[in-house]
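> Can you read through this structure? Questions will come right after.
The values are calculated or read from the model by the stated rules, or taken from the named source; none is laboratory data. Computed from a prediction, not measured in an experiment: that's the story for all the values here. Methodologically, a virtual Cβ is constructed for each residue, glycine included, from the backbone with ideal geometry; neighbour enumeration extends over all protein chains shown. When the accessible area is computed, the model is the full protein with side chains, heavy atoms only, and any ligands, DNA or RNA have been set aside. Shrake-Rupley method; radii C 1.70, N 1.55, O 1.52, S 1.80 Å.
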Amino acid sequence: MGSGRLAVPLAEAGHEVTGVDRDPAMLARAAGRAAAAGSTVAARVTLVEADLVGLSLPGEGRFALSVIALNSLMLLADRAAQAGALRAMAGSLAPGGLAVVDCWLPDAEDLARYDGRLVLEYVRQDPETRREVVKTAAAGYDAATGTVELTAVYDEGLPGEAPRRWTRQDRLRLVGAEELRALAEAAGLVVEALAGGYDLAPLGPGSERAVLLARRPPWRPAAPAGRRLRRPAGPGLV
């Protein structure tokens, strides 16, 4: 779910959206973003504090679209949890509903930088608070488990004032493109596409991202080559 950067635009487009996150602070940010978009939009967004693994919602089996976006699957630090997340997605979908998952595909150069060194990742202004945010991070890659131990340090404040600092530690499990396909198929989904980017270009050597699109059967036949995928109707889960 995160801060609502997908949920709110979907609601603005007229869709009923349910967002799930186990972090109440992220849900609060999402609620604030939805409220800022207006009461009509906010009324279309339902927020649920829960763990995605083992998730069961009142709307089980009715969603037209379910999304695990922007590397969120990697926050589940072992294969069993990642498999559980895909099963939860499949269970949330109506027949023919679309599941979308995207994951970063680091190359050898990326992984070589995960040696514990502290790196400045960005300096930018938070569009909601107007405060400057500085993020530095250190990561270590474990080839034996395919995991990354990540520590991120955030400093936030206005120019000239003492910054507020907080840290976050995560264990990320990298997921290859074919493993992502296997997880989806094991959850009972039928893979329609495994693309190499958000433009749905074919996956190939040098692709920096794997984007999975899979449906819960039964589903309508795929559109002929050259046609865009049908836009899902109905409620969505992010």
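> Looking at the range 131-158, I want the residues that are under 16 Å from Ala108 (Cα atoms) and among the β-branched types (Val, Ile, Thr) and have a partner that is in a loop (DSSP other than H, G, I, E, B) and open to solvent by 40 Å² or more (accessible area, probe 1.4 Å) with Cβ atoms under 8 Å, at least 6 apart or on another chain. Which pairs are those?
Filtered contacts from the range 131-158: Val148/Tyr114.
> Next question, about the same structure. For the range 60-77, give me each residue that is at pLDDT 90 or above and not aliphatic (A, V, I, L, M).
Listed by number, the residues that qualify are Phe63, Ser66, Asn71, Ser72.
> Could you list all residues from the range 1-33 that are open to solvent by less than 20 Å² (accessible area, probe 1.4 Å) and in contact with a Gly (Cβ under 6 Å, 6 or more places away or on another chain)?
Correct list: Ala7, Val17, Ala30.
> Pairs, please: C-beta under 6 Å, at least 6 apart or cross-chain, first residue farther than 11 Å from Val238 by Cα and in the range 13-26, second in a strand (DSSP E or B)?
Close Cβ pairs (under 6 Å, with a partner that is in a strand (DSSP E or B)) amount to His15/Gly236; Pro24/Glu49.
> Against the condition out of contact with any Lys or Arg (no Cβ under 9 Å at 6 or more places or on another chain) and among the aromatic types (Phe, Trp, Tyr), how does Tyr154 come out, does it pass?
Here the answer is no, as Tyr154 does not meet what is asked.
> Of all the residues that make up the range 24-60, how many are more than 23 Å from Val211 (Cβ to Cβ) and touching a Ser or Thr at 6+ places or on another chain (Cβ under 7 Å)? Spell out how you get there, then give the answer.
Residues of the range 24-60 more than 23 Å from Val211 (Cβ to Cβ): 24-25, 27-29, 31-51, 54, 56-60.
After this cut, where a residue has to be touching a Ser or Thr at 6+ places or on another chain (Cβ under 7 Å) as well, the list is 29, 33, 46, 48, 57, 59-60.
So the count comes out to 7.
> A further question on this structure: Say whether the condition of being within 28 Å of Leu52 (Cβ to Cβ), outside any helix (DSSP H, G or I), open to solvent by less than 60 Å² (accessible area, probe 1.4 Å) and without any contact (Cβ under 8 Å) to a residue 24 or more places away in the chain is met by at least one residue in the range 176-192.
Residues of the range 176-192 within 28 Å of Leu52 (Cβ to Cβ): 176-192.
After this cut, where a residue has to be outside any helix (DSSP H, G or I) as well, the list is 176, 187-192.
Now narrow it down to the ones that are open to solvent by less than 60 Å² (accessible area, probe 1.4 Å): 176, 187-192.
Narrowing the set further to residues that are without any contact (Cβ under 8 Å) to a residue 24 or more places away in the chain leaves 191.
Checked the range 176-192: at least one residue is within 28 Å of Leu52 (Cβ to Cβ), outside any helix (DSSP H, G or I), open to solvent by less than 60 Å² (accessible area, probe 1.4 Å) and without any contact (Cβ under 8 Å) to a residue 24 or more places away in the chain.
> Let me ask you something else. Just need a number here: residues in the range 73-101 that are over 15 Å from Glu185 (Cα atoms), open to solvent by 10 Å² or more (accessible area, probe 1.4 Å) and either within 16 Å of the chain's Cα centre (by Cα) or without any contact (Cβ under 8 Å) to a residue 12 or more places away in the chain (or both).
The total comes to 4.
> Here is a follow-up. Taking the range 49-68, which residues are on the phi < 0 side of the Ramachandran plot and open to solvent by 40 Å² or more (accessible area, probe 1.4 Å)?
Glu49, Asp51, Leu52, Val53, Ser56, Pro58, Glu60, Arg62
> Checking Ser66 against (1) in contact with a Lys or Arg (Cβ under 7 Å, 6 or more places away or on another chain); (2) under 15 Å from Ala99 (Cβ atoms), which test does it fail?
(1)
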